[in-house]
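Reading through the structure tokens given below for one structure.
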Amino acid sequence: MRRLEEDMAPRLSHGFSIRRMTMDDLAAVMALEQAAFKNPWSAELLKRELEHEWSTILLVEEPRETVPPLLLGLAIFWIVHDEVHVLNVATAPQHRRRGVARAVMEEVLERGRGRRCSLATLEVRKSNEAAIQLYRSFGFRPVGIRPNYYADEREDAVVMVLDF
């Protein structure tokens, strides 16, 4: 599917640059995934997401003057019909508490609104209070629990929903 040029152009948010991932970003994204999670997404899974027309991977970067931008975080989400489904939000551990996740979530939700979505959903670890508070600040509300959703750690997921 042909991507809209405006969809590919980087945008500035909270002093960060946010743009779509390309295959050239795979190594940096894999390094971020491995630093951020015990069970990171695989390169194959990320490649597959890049091929689906309904899937978007957004990268949050910090512009720098003399060197390429620094990758700080990402979000992976689907837009299917009138729903945004957030699959993954990650921030490099050394850059947490700087507004990276907030900036990328604002962009995800703005893209959903732009596509006239009526609902956004996500799952979050029950123990991840910082993420739960972030999502609540956008208006997400808990609607259920998925027992042992994170099977390797035997941790439940909180299902959260936002009505646009």
- Per DSSP H run of at least 4 residues, take -39500 (n - 2.57); add these up for the chain, divide by its residues and hand me the 222 nm value, nearest 500 deg cm²/dmol. -8500 deg cm²/dmol
- Query: Any idea of Lys126's accessible area? Nearest 10 Å², probe 1.4 Å.
  - Reply: 110
- Would you mind counting up the charge near Tyr149? Only other residues with Cβ under 15 Å from its Cβ, with Lys and Arg at +1 and Asp and Glu at -1. 0
- Query: Tell me, what is the 1.4 Å probe accessible area of Val80, in Å² to the nearest 10?
  - Reply: 60
- Query: In angstroms, what radius of gyration and Dmax does the range 95-139 have, counting Cα atoms only?
  - Reply: 11.4, 32
- Query: Nearest 0.05, what FRET efficiency do Glu153 and Leu70 give at R0 = 30 Å with Cβ-Cβ as r?
  - Reply: 0.55
- Query: All other residues with a Cβ under 9 Å from the Cβ of Leu87 taken together, and with Lys, Arg as +1 and Asp, Glu as -1, what is their net charge?
  - Reply: -2
- Accessible area (Å², 1.4 Å probe, nearest 10) - Thr22: 50
- Item | Heavy-atom accessible surface of the chain: percent carbon and sulfur, 1.4 Å | 50
- What percent does the relative contact order of the chain come to when contacts are Cα pairs within less than 8 Å and at least six residues apart? 16
- Using modelled backbone amide H atoms (1.01 Å from N, in-plane), which distant-in-sequence or interchain residues come within less than 5 Å of Asn88's amide H? Ile76
- Message: So if the hydrodynamic radius of the chain is defined as the Kirkwood radius over C-alpha pairs, what does Stokes-Einstein give as its diffusion coefficient at 4 °C and 1.567 mPa s, in µm² per second?
- Response: 80
- Compute the accessible area per residue over the chain, keeping the other protein chains in place, probe 1.4 Å, unit Å². 57
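The values are calculated or read from the model by the stated rules, or taken from the named source; none is laboratory data. None of these values were measured; they are calculated from a predicted model. Positions of Cβ are backbone-derived with ideal geometry, glycine not excepted, and every protein chain shown enters the neighbour counts. These accessible areas exclude ligands, DNA and RNA; they are computed on the full protein's heavy atoms, side chains included. Shrake-Rupley method; radii C 1.70, N 1.55, O 1.52, S 1.80 Å.
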